[in-house]
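Trainee: Attaching a single structure in structure tokens format; questions to follow.
The values are calculated or read from the model by the stated rules, or taken from the named source; none is laboratory data. Note that the coordinates shown come from a computational prediction; the quantities given were computed from them, not determined experimentally. Cβ placement follows ideal geometry from the backbone for every residue including glycine, while neighbour counts extend to all protein chains displayed. Ligands, DNA and RNA are excluded from the accessible area calculation, which covers all protein heavy atoms including side chains. Shrake-Rupley method; radii C 1.70, N 1.55, O 1.52, S 1.80 Å.
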Amino acid sequence: MLIREARSDDWPRIWPFWHRIVAAGETYTWDPGTSEEDARALWMSPAKRVYVVEDDDGTVVASAYLTPNYGGPAARIANAGFMVDPGRACRGTGRLLAEHVLAQARDAGYRGMVFNAVVETNPAVKLWSALGFTVLGTVPDAFDHPRHGRVGLHVMYRPL
């Protein structure tokens, strides 16, 4: 698999799985009805460094962004978002991409990474924990999960 910085012409290959994941309403706090135009602005913002993972035949199977979480004197704390095509899940792609983005963040001079709203039932919590993230706190009953009802949102952090 190849991990590279995304180009603007990658968006049509990211959108199908981005839409599928967000529309499911299980792991992201974004509106499940987000339009493609709004989704592109969210994910591909010029303020973000965006990456894609291509499999051996050039199919984009995952994407991530890296951005400052705060501004000013706290601008050295990163934030990131990750999406793996659900049809390609559980193959190590998420871990590979996460390790890449963490290294990119460290190389860019970030001191830590924070995730502001990780749905506590998200299977990725196990991956983030394995990669050294800790739960700083949980906002109880903050997320209306379509299958589990109201669940908490974790704030997770890892020093770099």
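Trainee: Quick check on my filter: what residues within segment 55-71 are more than 15 Å from Pro16 (Cβ to Cβ) and surrounded by 14 or more Cβ atoms within 10 Å (Cβ to Cβ)?
Mentor: Ala64, Tyr65, Leu66, Thr67, Pro68, Asn69
Trainee: If I go through segment 108-137 residue by residue, how many of them are without any contact (Cβ under 8 Å) to a residue 40 or more places away in the chain, more than 15 Å from the chain's Cα centre (by Cα) and open to solvent by less than 60 Å² (accessible area, probe 1.4 Å)? Explain how you work it out, then say what you get.
Mentor: First pass over segment 108-137, keeping only residues without any contact (Cβ under 8 Å) to a residue 40 or more places away in the chain: 109, 118, 120, 123, 125-137.
Now restrict to residues that are more than 15 Å from the chain's Cα centre (by Cα): 109, 130, 132, 134-137.
Subsequent filtering for residues that are open to solvent by less than 60 Å² (accessible area, probe 1.4 Å) retains 109, 132, 137.
Residues that pass the stated criteria total 3.
Trainee: Among the residues of segment 1-46, write down those that are part of a loop (DSSP other than H, G, I, E, B) and aliphatic (A, V, I, L, M).
Mentor: Scanning segment 1-46 gives Met1, Ala6, Met44.
Trainee: Follow-up. Could you list all residues from segment 47-59 that are hydrophobic (A, V, I, L, M, F, W, C) and modelled with pLDDT of 95 or more?
Mentor: Within segment 47-59, Val50, Val52, Val53 qualify.
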